[in-house]
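Shown next, in structure tokens, is the structure this report addresses.
The values are calculated or read from the model by the stated rules, or taken from the named source; none is laboratory data. Quick caveat, the model's predicted, so the values are computed rather than measured. When we count neighbours, we look across all protein chains shown, and the Cβ atoms used for this are built from the backbone with ideal geometry, even at glycine.
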């Protein structure tokens with residue numbers, strides 16, 4: 001197995017395993033293990049299926065804990081739905097691709113020829129096995145740290161999708177309170193033009209890390225635009241230390 005790819009994967013995870021052989025096992029698909037046994041009779045080659053089993057449980061626990069802490073008023077059914085929206089094959093495969101797991105996987109020749117490195121099921125399984133490796137090497141705190149870093153954007157997106165009927169100001173307030181225990185405030189920067197055709201600019205402030213501005217034909221629309229821009233920064237991975245300006249030109253009040 002390519003040692004440089006394993007090192008790169010650890011860097012993407014933000015960790016360095018004390019026992020890197022755990023990650024080698026996590027990256028070994030049963031097709032490669034089967035070929036290894038056939039090539040060396042009597043030699044037992046280990047695949048990642050047992051680690052996938054453990055990693056699935058670790059992932060479920062860590063995500064459940066994150067949701068439980070962030071949503072103290074949510075009921076069991078809502079928490080279960082949100083966890084399913086975060087922990088699923090599509091999301092895990094996307095994360096696995098971003099981490100470079102597809103390139104690092106050790107596959108049998110047949111599996112590699114049929115596109116195994118991009119199969120969602122293999123990527124998701126390998127990511128779960130990777131979390132098992134982190135847990136076995138560093139314990140639950142290490143696993144929590146990795147899951148928090150990897151899955152927080154997925155949780156944010158799931159929370160946003162779960163409240164599609166809420167306006168941007170309400171969604172932003174819920175997100176900031178859940179993530180940072182902050183309540184945004186809005187200040188008018190300027191108001192120009194005659195009463196019948198006035199343009200408002202409002203700044204949304206969530207100290208100490210986020211400020212955005214919105215422009216609209218009413219104070220309310222400008223506030224909504226500033227909140228919408230803040231949501232895009234928080235859920236889209238942009239640099240939230242910059243002041244950004246959005247426009248609120250929806251004619252509905």
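Anything in region 175-204 that is buried (at least 17 other Cβ atoms within 10 Å of the Cβ) and closer than 26 Å to residue 80 by Cβ? List them, or say none.
175, 176, 178
Here are 191, 178, 227: which of them is in contact with a strand residue (DSSP E or B) (Cβ under 9 Å, 6 or more places away or on another chain) and not in a strand (DSSP E or B)? I'd like the intermediate steps shown before the answer.
Numbers: 191 fails: not in a strand (DSSP E or B); 178 fails: in contact with a strand residue (DSSP E or B) (Cβ under 9 Å, 6 or more places away or on another chain).
Just one listed residue meets the conditions, 227.
Could you pull out the residue among 215, 147 that is at pLDDT 90 or above and under 21 Å from the mean Cα position of the chain (by Cα)? First the steps, then the outcome.
Values: 215 fails: under 21 Å from the mean Cα position of the chain (by Cα).
Only one candidate passes the filter, namely 147.
Kindly establish whether residue 121 is over 16 Å from the mean Cα position of the chain (by Cα) and in a helix (DSSP H, G or I).
yes
Taking residue 222, is it outside any strand (DSSP E or B), touching a residue at least 40 places away in the same chain (Cβ under 8 Å) and surrounded by 15 or more Cβ atoms within 10 Å (Cβ to Cβ)?
Numbers: outside any strand (DSSP E or B): yes; touching a residue at least 40 places away in the same chain (Cβ under 8 Å): no; surrounded by 15 or more Cβ atoms within 10 Å (Cβ to Cβ): yes.
Answer is no for this residue.
Would you check if there is a residue in region 156-169 being part of a loop (DSSP other than H, G, I, E, B), touching a helix residue (DSSP H, G or I) at 6+ places or on another chain (Cβ under 8 Å) and in contact (Cβ under 8 Å) with a residue 40 or more places away in the chain?
Step one: filter region 156-169 for residues part of a loop (DSSP other than H, G, I, E, B), giving 163-167.
Right, trim to touching a helix residue (DSSP H, G or I) at 6+ places or on another chain (Cβ under 8 Å) and you get 163, 166-167.
Next, from what is left, pick out any that are in contact (Cβ under 8 Å) with a residue 40 or more places away in the chain: 167.
Yes, that holds for at least one residue.
The conditions are (1) at pLDDT below 90; (2) surrounded by 13 or more Cβ atoms within 10 Å (Cβ to Cβ); (3) in contact with a helix residue (DSSP H, G or I) (Cβ under 8 Å, 6 or more places away or on another chain), and residue 110 fails exactly one of them. Which is it?
Only one criterion is unmet by residue 110, namely (2).
Return the residue satisfying two criteria in turn: it lies in region 230-253 and is in a helix (DSSP H, G or I) and more than 11 Å from residue 169 (Cβ to Cβ), and of such residues it is modelled with the lowest pLDDT.
236
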